[in-house]
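In what follows, a structure is listed as structure tokens, so that the remarks can point back to it.
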Amino acid sequence: MVGFLVLLFSIGLTIGIPAGKTGSSKQTPTLSQTIRTARHPKQKVRFHPPSRLHFSIFQKEIAALAKAAPTCNDHQRSISNQMLNTIGMEAVSMRTGGSIFWVVREKYPVFRGSGIYICRCHQASRLIIQAPHSYHDIHTGRIARVLFREAKARWLFLNTFQRYRASAHPEDPNAFHPADCAHNPHLFFQAATLGLMQSSDANDVLFVQIHGFDASERTPGAVLTDGHSRSSKWSSLLKSAWKIHSSKIRIYSKDTREFGGTSNVQAVAVNNRSGRFIQIEMDLDMRKLLRNHAQSIRKLAKALVKTSGSKTRYRNIKKD
């Protein structure tokens, strides 16, 4: 009998239990499954950018959730959820891997490419991990998710629609692509970024974006940038902290003039508010290394925690 109870408890930890609800026989999805469902829904996604009013509501509620997250104030989540429901979004609470998460996502049956935004309640590092091109830039979504887990980051942002699919000129990199979260300032991805900036001291958090590039005609490895045309303070700190062969890492404005991220709308928004931002551009080999080798991505997670100035002790987090 004792063995049977232990088995049930183990299953509960594996599949995840909604916060505040125990003893239910209904299995709930893990955080990973929730992310997959949002990024690969069975229903057809019809991209639709938010109106100005919806953008404003989303920014305000993300700010409210961010302020309430340190104490995991579920009353505030319920209040925010009511407002989010009016714009086709929802904020659900999940307990998995020993932590409580608030997941902000589209509310069924809405599927319009609004993104998924995950907040870690209670204490967390000063990191915000974002992957705005997680379909097109192969492996960046997975890398962002593992960094979120390993670095115990506060928030994870992922796009839920391929950046070029809503474009009239998908093959032209210089054209405007409405679904590109890093270059369209009118999407929920940007509203959420502004909401986080609104909720705390701009210097309290470090925004980190994961990107990929084709190295066929470029020097392989990674390019780090602050999103400034000249400044590279945070990128230089990360390079020093990242325990990897330095020849594989270049700093924009120092070592290269490529991949500066100066037109990245999140970088512009954060830098305009004297915040902290790093864009990590990687070739496919570097992304595969981080995707396939746990020790490699843990080194990057440690480096990001150190760069953010977090006092949170780094430790491995159980897989959710």
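The values are calculated or read from the model by the stated rules, or taken from the named source; none is laboratory data. Predicted, not measured: the structure shown is a model, and the values here were computed from it. All Cβ positions, glycine included, derive from the backbone under ideal geometry; neighbour counts span all protein chains shown. Remember, those area values only see protein heavy atoms, side chains included, never the ligands or the DNA or RNA. Shrake-Rupley method; radii C 1.70, N 1.55, O 1.52, S 1.80 Å.
Stretched out fully, how many nm does the piece from E258 to R230 gain, at 0.36 nm a residue minus the Cα gap?
8.8 nm
Between K243 and T219, take the C-beta separation as r, use R0 = 22 Å, and let me know the FRET efficiency to the nearest 0.05.
0.60
Would you work out what percent of the accessible area of the stretch 160-228, with all protein chains in place, is carbon or sulfur (probe 1.4 Å)?
Taking all protein chains in place, the stretch 160-228 shows 46 percent carbon and sulfur surface.
Relative to a virtual label point 7 Å from the Cα of K44 in the Cα→beta-carbon direction, which members of the stretch 98-120 show backbone nitrogen distances below 19 Å?
The answer is 108-114.
Restricting attention to the chain, give the cysteines that have no other cysteine Cβ less than 4.7 angstrom from their Cβ.
That list is C119, C181.
Where Lys and Arg each count +1 and Asp and Glu each count -1, what net charge lies around H139 among other residues with Cβ under 9 Å from its Cβ?
Local charge sum for H139: +3.
Over 24 Å, how big is the tail of the calculated P(r) for the chain, in percent of all Cα pairs?
Roughly 52 percent, rounded to a whole number.
For S200 and H75, what is the calculated FRET efficiency with R₀ set at 30 Å and r taken between the beta-carbons, to the nearest 0.05?
0.90
Net charge near D172, counting Lys/Arg +1 and Asp/Glu -1 over other residues with Cβ under 15 Å of its Cβ?
0
If you restrict to DSSP beta bridges whose two residues both lie in the chain, what percentage is antiparallel, to the nearest 5?
So the antiparallel bridges amount to about 50 percent of the total.
Looking at the chain, identify the longest residue range that excludes and avoids all GluC sites (Glu not before Pro) in DSSP loops having at most 13 other Cβ atoms within 10 Å.
It works out to 1-170.
A 19 angstrom limit on the alpha carbon distance is what I want to check against. Which of K233/K306; K44/K288; K239/K306; K67/K107; K243/K306; K233/K254 exceed it?
Long pairs (Cα-Cα over 19 Å): K44/K288; K67/K107.
Ignoring ligands, DNA and RNA, what accessible area per residue does the chain give at 1.4 Å, in Å²?
48
Within a Cβ distance under 11 Å of H48, other residues only, what is the Lys/Arg minus Asp/Glu net charge?
That works out to +1.
Before anything else, pin down the relative contact order of the chain: Cα pairs under 8 Å, at least 6 apart, normalised by residue count, whole percent.
Relative contact order comes out at 18 percent.
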